[in-house]
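Structure first, then comments.
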Amino acid sequence: MSEHSWKNIYNLSTDQLNDLDEAEDMIEMMDLTKAETILLKMYKEDPTCVPVLNVLAHMYGRHLSDFESAIKFYNLVLDIEPDNAWARDERRKYSRYLSYD
């Protein structure tokens, strides 16, 4: 495993870090099915893992244009971290794409 330049403030395990890295690599390679499988497995194991929730939301919004799912996962982040400005801004951005009748 490569050395991370960021602090592990969420106290992720080595397995979680490795899985998250693999999922992000899959996103970069546009293997979104594999990335989604990894991330949803991680989400099922720990539904309050903010990094997983953020990556899921980002993937759904940016790469799959599934704005409702993106918003759902950003809402979960904000339930855990109400002051998470990045999640709030991203949620607002994707909310604009949804049309409400």
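The number of residues in region 13-45 being part of a loop (DSSP other than H, G, I, E, B) and at pLDDT 95 or above comes to 3. Taking region 46-101 as the region of interest, the helices (runs of 4 or more DSSP H) fully inside it that hold 3 or more residues being among the basic types (K, R) and surrounded by 14 or more Cβ atoms within 10 Å (Cβ to Cβ) are 85-95.
The values are calculated or read from the model by the stated rules, or taken from the named source; none is laboratory data. If you're wondering where the values come from, they're calculated on a predicted model, not measured in any experiment. Note: ideal-geometry Cβ built from the backbone for every residue, glycine included; neighbour counts use all protein chains shown.
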